[in-house]
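All of the numbers you see were taken from the coordinates with simple rules; none came from a lab. Predicted, not measured: the structure shown is a model, and the values here were computed from it. Cβ: placed from backbone, ideal geometry, glycine included. Neighbour counts: every protein chain shown.
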Amino acid sequence: MIEDLEFNDWCPGCGNFGILRAEEEALGELGLDYKNAIIVSGIGCSGKTPHFINVDISGVHTLHGRSIAFATGIKLANPSLKVILNVGDGDTLGIGLGHFVSAGRRNLSFVIMMHDNGVYGLTKGQASPTLPKGEKTKSLPKPNINAPINPISIAIAAGYSFVARAYAYDTQSTKEIIKEAILHKGSAFIDVLQPCPTYNDINTIDWYKERIYKLDIDPNVNNPSQRLEKIKQAIDIAYQEDKIGIGIVYKDLTIEPFEDRLLSNIPGYIQYYPAKTEISNNNRSISDLTSLIDELKV
Amino acid sequence: MRIDWLIGGPQGSGVDTISLVFARSIAKAGYFVYGNREYYSNIKGRHSYSSLAISDKQIHSINENIDILATFDAETLFQHFHEVKKVAIYDQNLLDTRLNILYGVEKEIADDIKSRLNNNDPKISDVIQYLKDKNITLIPVDIGSITRSVANDLKVSSLIADRTKNTIVLAISMRLLGLDLSFLEMAIKDVFKDKNTVDINKKAIDKANELDIKNIFNLKQIEKDDRILLDGTTASALGKINAGLGFQSYYPITPASDESTYIEAHQIVKTDNGTRNIVVLQTEDELAAINSAVGAALTGVRSATATSGPGFSLMSEGISWAGMNEVPVVITYYMRGAPATGLPTRSGQGDLEFALHVGHGEFPRIVIASGDHKEVYLDAIWAFNIAEKYQTPVIHIVEKALANSFTTLNKSLFDRANIERGILASNFDNYKRFKFTDNGISPRAFLGQARIFYTGDEHNEFGHIDEESVNRTKMYEKRMKKLLLADQEIKEEDRLNVYGDGDIAVITWGSPKGVLLDIMPSLEEKGVNITLIQIKMFNPFPKQLVKNLLRDKKLIIDVESNYDAQAEKVMKREIGIGADAYILKWSGRQIMSDELLDAFDRVLKGNKKVVLTGGR
């Protein structure tokens with residue numbers, strides 16, 4: 001135990017405990033700590049993950065919907081850090097959807113773990129963007145009249161090169177997916193299905209038990225000619241009815257990550273990224289503007 | 001000496017570039033210049049113009065009334081003929097062009113032109129008659145025949161040769177000034193680079209040289225020191241690069257984007273150890289711009305973003321998070337005409353109070369505003385030093401009037417910057433990012449160095465959520481204390497500029513400073529001596545010094561480019577002293593020397609408030 005760990009105040013039985021356990025084990029097995037990794041979170045119950053995690057790692061608990069933006073800045077300034085995001089479904093697909101889609105375009109290497117429970121838990125159970133239409137969870141005054149966003153489908157459409165679905169209480173397989181996502185080069189998205197025993201009385205543990213099964217597919221795109229076929233496979237899984245496949249849904253190994261794209265503009269980026277390079281010597285700038293000034297000379 | 005020149009033309013016809021070429025030519029001949037661009041939020045077709053002031057001394061403003069009007073289209077002549085004092089250059093083939101067929105001229109402007117010419121269907125010939133009646137020297141040019149002969153001589157298409165018409169007008173302007181055309185040729189080479197383009201323009205200059213043009217202004221080449229010509233966005237970019245910027249984010253917005261694209265073009269920076277790299281990220285919106293910049297700052301990188309009013313509005317929540325988490329981040333705020341989209345390509349100072357209060361909650365927001373290009377550059381460096389010393393967001397205000405205007409500065413200004421990174425942690429065991437200290441500053445560690453926690457919630461010394469009331473009281477005070485420390489440590493002399501010593505105090509900030517400096521000699525000639533106080537840092541405000549400077553003044557005049565006299569309001573709040581009279585302008589055009597001089601006359605005659613409206 002680490003002395004400065006925060007008291008964990010999630011509800012008893014919360015799916016977050018399973019995700020936390022899987023994440024702790026994944027980080028431990030990969031040997032990640034504050035020197036080489038960081039957890040970034042948004043707002044909501046999931047947002048507290050960095051304060052609760054029992055791993056020697058740093059955490060940045062950001063704003064509602066903005067964790068991807070923070071993570072992008074952190075990763076680009078210091079690409080030596082593995083960046084893992086713990087975000088909510090409202091966080092990601094509601095208030096932060098613009099960032100979620102844009103991140104897919106970039107394919108910067110980080111892992112987005114979306115805690116998906118269909119409700120806004122910390123504000124007492126309003127419908128989240130993944131709650132199916134017509135459902136009336138415990139604290140809704142009327143049934144939900146918005147259709148849900150399909151997380152897997154939108155991740156594929158946005159260009160995520162690693163897309164997976166996990167289940168909070170299957171910590172073993174969730175851990176394996178997290179590990180593989182962390183090792184992936186490019187943006188990884190994990191839709192982690194999670195019961196909310198307090199506010200979601202429809203998608204309960206028993207409800208999931210009847211539907212969850214492990215996927216037995218080859219999700220890998222090893223060359224671009226396979227892409228369409230693998231996308232079709234992923235979309236079929238995304239829209240499954242009555243059963244929910246768990247595992248890696250899509251993994252495209254042919255899309256270069258954003259860090260590599262930056263190399264075409266900045267060949268020395270990976271060796272000399274901003275957080276690694278000095279800017280001053282004895283309080284004096286080491287940056288030489290001579291050639292820039294010469295361009296402007298009259 | 002001072003000569004004011006103006007060129008206009010449809011947006012997209014190269015007015016922007018050509019005014020820069022002209023400014024370079026003049027600067028090469030040893031003169032100081034100050035130029036300003038005015039343009040519609042439009043890509044092609046609408047009337048844009050560029051004003052240039054020429055002097056043998058450093059100059060900071062443009063005039064509404066100009067010595068030379070350089071035109072090659074009809075609209076510029078219609079829009080600006082009333083501003084001409086001495087010479088107008090025009091295309092003699094346009095005499096029959098009617099104002100009523102120029103659909104891009106806004107109705108209010110067309111009405112103004114018609115009433116000035118006392119004619120409901122005026123033609124260019126009516127404008128020429130008006131100018132003749134005013135004894136303006138007219139330079140009619142057959143531009144078409146010149147461009148045709150350029151096309152013939154060089155065997156290029158008439159479309160390509162047609163693009164030289166503004167160069168022809170420049171060459172004529174140079175000859176009116178009495179300056180050698182070789183300065184123009186050199187400037188063309190600097191700006192266009194491409195050999196074909198250079199050759200075509202050179203040919204156009206040669207043709208213009210054959211015309212019979214009198215040397216009216218009789219300028220001679222003068223000795224000069226090593227100078228550069230730059231605009232405000234470049235000045236800010238150079239300051240940031242020198243200061244060690246490592247990450248810059250932006251979402252496209254006028255007039256801020258130019259700074260970011262300049263930095264991206266120069267993102268590999270030569271250093272004493274080799275090179276260092278700046279990441280420039282074009283984000284999906286300003287929410288991502290501020291928050292990615294804040295994220296990058298957590299890794300120890302000097303990090304910034306640049307935006308204008310609408311983007312700054314979107315950034316407010318992120319700035320609040322940065323305040324709560326004591327993150328040094330610089331936001332360069334290119335201020336333009338607001339509210340809403342407002343006047344996207346025009347200037348204004350209407351957002352000062354917004355900058356001072358951006359983001360919910362109480363936290364130290366340090367706000368600085370530059371008054372000229374040199375300050376834009378130096379303040380960009382200063383902003384990072386303050387942000388890191390006091391671990392808080394710094395907002396650097398640069399108005400559009402400075403962003404898009406250009407001037408000459410001495411090269412030596414761009415020597416190595418002084419860099420102060422504030423107190424950094426050296427012990428990373430059991431690290432407390434928000435450790436309580438006497439002055440509120442906790443030694444800073446970067447992500448990767450120690451186990452660190454950040455949260456937008458109220459937190460304890462580790463950065464973990466903590467809502468307990470005693471901790472809340474203490475942590476809140478710790479954050480706020482840093483502003484007191486900044487107030488104690490940053491010399492008040494550095495937070496404002498004072499010029500002159502008279503019995504009348506003039507309060508201003510931002511770009512009007514330069515205009516005031518330019519008219520001070522004329523005021524003195526009239527026996528009006530002013531103490532010009534330009535506020536540079538609004539929070540923390542230089543209270544004692546301003547109070548001292550205002551003591552025993554017989555009159556306090558406030559000059560600002562807004563409706564509400566916002567800087568004066570801040571001053572009143574901070575020190576309890578307000579102005580006696582106001583000169584204000586919120587038309588989106590920058591304050592001009594001649595209209596300001598006239599406004600002083602009116603204020604000194606007892607007017608309490610003068611509203612300026614000069615400029616198209």
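Observations on the structure shown:
- Rough spin-label spacing in nm, given labels placed 7 Å along Cα→Cβ, for residue B:209 and residue B:313: 5.4 nm
- Take the Cα of residue B:580, step 7 Å toward its Cβ, do the same at residue A:157, and the gap between the two points is 6.7 nm.
- Two-site FRET efficiency, residue B:362 against residue B:340, from Cβ-Cβ distance with R₀ of 30 Å, rounded to 0.05: 0.65
- Calculated FRET value between residue B:100 and residue B:436, using beta carbons and R₀ = 56 Å, to 0.05: 0.15
- Inter-probe distance in nm under a simple model that places probes 7 Å from Cα toward Cβ, at residue A:239 and residue B:197: 5.1 nm
- 26 Å Cα-Cα reach of residue A:243 towards lysines, excluding residues that sit fewer than 8 places from it in its own chain: A:133, A:136, A:138, A:175, A:179, A:209, A:214, A:230, A:232, A:251
- Residue B:488-residue B:43 FRET efficiency (beta carbon distance; Förster radius 51 Å; 0.05 resolution): 0.55
- Long pairs among B:134/B:374; A:297/B:155; B:86/B:526; B:220/B:536; B:543/B:585, criterion Cα-Cα beyond 30 Å: B:134/B:374; A:297/B:155; B:220/B:536
- Chain B, dipole about Cα centre (Lys/Arg Cβ +1, Asp/Glu Cβ -1), debye to the nearest 20: 540 debye
- Residue among B:405, B:369, B:253 farthest towards the positive dipole end of region B:230-414, charges placed on Cβ: B:405
- Cβ-defined net charge surrounding residue B:258, 12 Å radius [Lys, Arg +1; Asp, Glu -1]: -2
- Local charge for residue A:203 was computed over the other residues whose Cβ lies under 12 Å away, with Lys and Arg +1 and Asp and Glu -1, and equals -3.
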